[in-house]
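Here is the structure we will look at.
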């Protein structure tokens, strides 16, 4: 008989999370992505806009906006609201790219991205950069060789 099957050893490093990749929480990444989208529509965002878009209460949004400002991810504009700094835009764009890639991958796999939105939202925060690169390669392959 051969060697007995050894149990899988845990990975040396836990999977990358938002905390390890950019130093902010998943929630903060969602806020930055939301603000980016609002900025594309009108050039700035307000607490009310973010609260409505994320279906949150204004006081909670105000607290997070203050925190993101203190961390250097956004700046306030008098009489308007706030906009992302270059640091905030970098995170927001990265989340946008991750979201688009995962949405396309789901569609190419025959999964309805709308129906699987929760999966995409969760994965975009935790998928590592090397895995995302492999998903890009898979997307190219699936475009050329549909299922």
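Quick note: the coordinates plus some simple rules give every number you see, no bench work behind them. Bear in mind the structure is a predicted one, so any value in this text is a computation, not a measurement. Cβ atoms come from the backbone with ideal geometry, glycine included; neighbour counts cover every protein chain shown.
Quick notes on this one:
- The chain - convex hull of the alpha-carbon atoms, volume per residue in Å³: 169 Å³
- Over region 94-144 - Rg/Rh using Cα atoms and the Kirkwood inverse-distance radius: 0.94
- Using 0.36 nm per residue and subtracting the Cα-Cα separation, the extra length available between residue 133 and residue 107 on full extension is 7.6 nm.
- Each residue, residue 67 and residue 85, gets one label point 7 Å from its Cα in the Cβ direction; the gap between the two is 1.7 nm.
- Judged by the ratio a/c of the largest to the smallest principal axis of the C-alpha gyration tensor, region 24-88 counts as rounded, that ratio being less than 1.5.
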